[in-house]
Amino acid sequence: MTLSSYSVLIKLGVFGCVMGIAPSVIAADQEVENLLGKIRNAYSAVKSAKYSTVVNFRKPPLHCTNYFLAPDKFRVDYPSDGADGMTSLITDGKTTYFLPAGQEMQHEPYDFDNFFKLSPGHVETFSYCEWKKLLVVGKGMGLDGRSLRVLSDQEWNGRKWTVLEETKASEKQIYHYYVDPKTYLIWRTTSLPFGAIAYRVDTQLTKLELDISVPAAMFRVSG
């Protein structure tokens with residue numbers, strides 16, 4: 001049985017939020033392009049990372065531990081509903097492995113669109129391994145250059161952040177990506193449906209360790 005036919009993953013589909021596919025490349029303004037260039041440079045320089053995230057659409061919020069090893073290995077561990085132990089979703093860049101707590105491992109060829117939909121996270125989580133797809137204008141899962149703008153000195157968590165705002169008319173939502181103005185890494189993604197006062201998406205980094213030792217064995221799955 002593949003991941004796509006596994007019923008548990010249908011439930012997990014609420015984790016990722018599908019990003020609209022733009023039909024063509026749309027030029028962004030210079031301020032946006034300058035910021036995106038700095039963000040892409042920051043992620044391209046990261047060789048390994050371990051980071052904690054919280055997914056706030058859940059009650060209680062879902063706390064995850066994520067691991068990245070350049071160029072394409074990624075793993076997320078999170079508590080399972082109604083089961084002891086942790087559930088893991090892993091890719092080595094070629095295969096996606098799903099290890100639900102107390103159940104058999106499932107796998108399928110790696111496809112980032114599917115991985116994104118099935119995983120608990122958003123741009124702040126997946127930019128480490130897929131920044132080339134997420135942090136570009138108008139390509140594949142990239143950003144809509146017609147509706148991007150930079151908001152400076154935005155308050156969050158006792159600090160000021162540079163926010164990249166994206167209005168997605170196709171989804172009727174406004175996304176905010178909170179960028180650390182010193183490191184140019186993204187620490188928070190929110191989305192607010194048009195006319196709403198409650199976020200649909202609010203995922204945040206709570207701890208980040210860069211360029212540390214992350215064993216390659218963490219991304220190897222047997223069985």
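The values are calculated or read from the model by the stated rules, or taken from the named source; none is laboratory data. As the structure is a prediction and not an experimental result, all values here were calculated from the model. Cβ atoms come from the backbone with ideal geometry, glycine included; neighbour counts cover every protein chain shown. Side chains included, ligands, DNA and RNA excluded: accessible areas come from the protein's heavy atoms. Shrake-Rupley method; radii C 1.70, N 1.55, O 1.52, S 1.80 Å.
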Conditions: (1) of a type outside the set (S, T, N, Q); (2) open to solvent by less than 10 Å² (accessible area, probe 1.4 Å); (3) without any contact (Cβ under 8 Å) to a residue 24 or more places away in the chain; (4) not in a strand (DSSP E or B). GLY195 meets all but one. Number of the miss? (2)
So PRO120 clears everything in (1) part of a helix (DSSP H, G or I); (2) modelled with pLDDT under 95; (3) open to solvent by less than 60 Å² (accessible area, probe 1.4 Å) except one condition, right? Which one? (1)
Restrict the check to the stretch 54-64 and report whether at least one residue is under 28 Å from LEU192 (Cα atoms) and crowded, with 21+ Cβ neighbours inside 10 Å. yes
Return a yes/no flag: does the stretch 209-222 have any residue that is within 23 Å of ASN34 (Cβ to Cβ), open to solvent by less than 50 Å² (accessible area, probe 1.4 Å), modelled with pLDDT of 95 or more and not in a loop (DSSP other than H, G, I, E, B). no
Of the criteria (1) under 17 Å from GLU33 (Cα atoms); (2) of a type in the set (D, E, K, R); (3) in a strand (DSSP E or B), which one LYS160 fails: (1)
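So which residues in the stretch 86-107 are open to solvent by less than 50 Å² (accessible area, probe 1.4 Å) and more than 16 Å from the chain's Cα centre (by Cα), if there are any at all?
Scanning the stretch 86-107 gives THR87, ASP92, THR95, TYR97, PHE98, PRO100, ALA101, MET105, GLN106.
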Across the stretch 81-102, what is the total count of residues that are in a loop (DSSP other than H, G, I, E, B) and either touching a residue at least 60 places away in the same chain (Cβ under 8 Å) or more than 17 Å from GLU130 (Cα to Cα) (or both)? 9
If the Cβ limit is 6 Å and pairs must be 6+ apart or interchain, which residue in the stretch 52-80 that is free of Cβ contacts under 8 Å to residues at least 12 places away in the same chain pairs with which residue that is not aromatic (Phe, Trp, Tyr)? PRO61/VAL54
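Residue-wise test of (1) part of a loop (DSSP other than H, G, I, E, B); (2) farther than 24 Å from SER191 by Cβ; (3) modelled with pLDDT under 95.
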| position | (1), (2), (3) |
| --- | --- |
| VAL8 | no, yes, yes |
| LYS38 | no, no, no |
| TYR51 | no, no, no |
| PRO71 | yes, yes, no |
| VAL76 | no, no, no |
Restricting attention to the stretch 153-171, does a residue exist that is open to solvent by 40 Å² or more (accessible area, probe 1.4 Å), more than 19 Å from LYS207 (Cα to Cα) and either among the β-branched types (Val, Ile, Thr) or without any contact (Cβ under 8 Å) to a residue 12 or more places away in the chain (or both)? yes
For TYR177, are the conditions met, namely being open to solvent by less than 20 Å² (accessible area, probe 1.4 Å), among the aromatic types (Phe, Trp, Tyr) and not in a helix (DSSP H, G or I)? yes
